[in-house]
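Down below is the structure, laid out as structure tokens.
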Amino acid sequence: MDILIVEDNKELADLLCDFLRAENYTVSAVQTAEKALLLYERYGARLVVLDIMLPDKDGFYVLEKIRRSSDTPVLIVSAKTEKDDKLNGLNLGADDYIEKPYDIDIMFAKISGIFKRRYALDEITDGNIRINKASRAVYKNEKELEMTAKEFELLLLLMENKGRALSKEYIFEQVWGSDSFSEQQTLTVHIKWLRQKIEDAPKNPKKIVTVWGVGYKYESV
């Protein structure tokens, strides 16, 4: 998931969830430290938005636990505005600290800034398709697609060369290797499988386009 929100005020959490989902983030919200750590351990997150005052253990406890095993960005959101609280959060490894009540546009700007700083180089986005090179994951409309290793490498090569016609020979060598025993017919089959996964109309592809006499290219739609 993109963002885990840890917030005991359900109304506020629901409001933030709705706003972020409208911006195409995948979001989950929990109200306790215990549930936050269970969910984080099971599914992970690319960003944790963390309240300090929780009904079981405080947010500083959650932050300490996360930092023992991960450098996942953590944005603290709290009504605790004392300098010592801010310093404690930042010293424990929080990436930023925002006071309640907050302006939703300021919150979104901070979240967007964290994602750009941390993940921009790891991702390629084109319309409703997003590919994460670090996690080797592909998303369509923010839903993760099942991809084989070769399908991922083929799509990555095409998207990294967006708009360029790549020959079948070049693609085959880059993805399968010059010493591969596979035949180039394998490329045709993998292109078909990719189109079935990422195209809205696989029989009339708009993204992975055949360049007759050459090979294929990825087009922005």
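The values are calculated or read from the model by the stated rules, or taken from the named source; none is laboratory data. These figures come from a predicted structure and were not determined experimentally. Backbone-built Cβ (ideal geometry, glycine too); neighbour counts: all protein chains shown. SASA here: full protein model, heavy atoms, side chains in, ligands and nucleic acids out. Shrake-Rupley method; radii C 1.70, N 1.55, O 1.52, S 1.80 Å.
Within the option set Ala36, Ala13, being part of a helix (DSSP H, G or I) and in contact with a Gly (Cβ under 9 Å, 6 or more places away or on another chain) holds for one residue only, Ala36. Does Glu7 meet the test of being closer than 27 Å to Arg130 by Cβ and either open to solvent by less than 80 Å² (accessible area, probe 1.4 Å) or touching a strand residue (DSSP E or B) at 6+ places or on another chain (Cβ under 6 Å) (or both)? It is true that Glu7 is closer than 27 Å to Arg130 by Cβ and either open to solvent by less than 80 Å² (accessible area, probe 1.4 Å) or touching a strand residue (DSSP E or B) at 6+ places or on another chain (Cβ under 6 Å) (or both).
Tell me, which residue of the stretch 42-58 that is farther than 19 Å from Ser112 by Cβ and modelled with pLDDT of 90 or more is nearest to the chain's Cα centre (by Cα)? Per the criteria, the residue is Asp51. The sole residue among Lys162, Lys168, Lys143 that is free of Cβ contacts under 8 Å to residues at least 40 places away in the same chain and open to solvent by 70 Å² or more (accessible area, probe 1.4 Å) is Lys143. Here the stretch 128-140 is the region considered, the condition is being surrounded by 13 or more Cβ atoms within 10 Å (Cβ to Cβ) and of a type in the set (Gly, Ala, Ser), and the residue that is modelled with the lowest pLDDT is Ser135. Examine the stretch 194-204 for a residue that is loosely packed, with under 14 Cβ neighbours inside 10 Å and either in contact with a Pro (Cβ under 8 Å, 6 or more places away or on another chain) or modelled with pLDDT under 90 (or both), and state whether such a residue exists. Within the stretch 194-204, one or more residues are loosely packed, with under 14 Cβ neighbours inside 10 Å and either in contact with a Pro (Cβ under 8 Å, 6 or more places away or on another chain) or modelled with pLDDT under 90 (or both). Within the stretch 6-27, the set of residues being among the small types (Gly, Ala, Ser) and closer than 19 Å to Leu38 by Cα comprises Ala13 only. Restricting attention to the stretch 48-65, the residues being more than 12 Å from Lys35 (Cα to Cα), in a loop (DSSP other than H, G, I, E, B) and open to solvent by 10 Å² or more (accessible area, probe 1.4 Å) number 2.
Kindly evaluate Lys80 against the criterion of being open to solvent by 30 Å² or more (accessible area, probe 1.4 Å) and in contact with a helix residue (DSSP H, G or I) (Cβ under 6 Å, 6 or more places away or on another chain). Judged against the criteria, Lys80 is not a match.
Restricting Glu7, Glu11, Glu34 to those that are in contact (Cβ under 8 Å) with a residue 60 or more places away in the chain and at negative phi reduces the list to Glu7. The residue pairs whose first member lies in the stretch 95-111 and is within 12 Å of Phe19 (Cβ to Cβ) and touching a residue at least 24 places away in the same chain (Cβ under 8 Å), whose second member is loosely packed, with under 15 Cβ neighbours inside 10 Å and of a type in the set (A, V, I, L, M), and whose beta carbons are closer than 9 Å, counting only pairs six or more residues apart or on different chains, are Ile104/Leu15. Scanning the stretch 120-164 for residues that are over 13 Å from the mean Cα position of the chain (by Cα), assigned to a helix (DSSP H, G or I) and not aliphatic (A, V, I, L, M) yields Lys150, Glu151, Phe152, Glu153, Glu160. With the condition kept exactly as written, say whether any residue in the stretch 66-77 is under 15 Å from Ile3 (Cβ atoms), open to solvent by less than 80 Å² (accessible area, probe 1.4 Å) and in a helix (DSSP H, G or I). Yes - at least one qualifying residue is present in the stretch 66-77.
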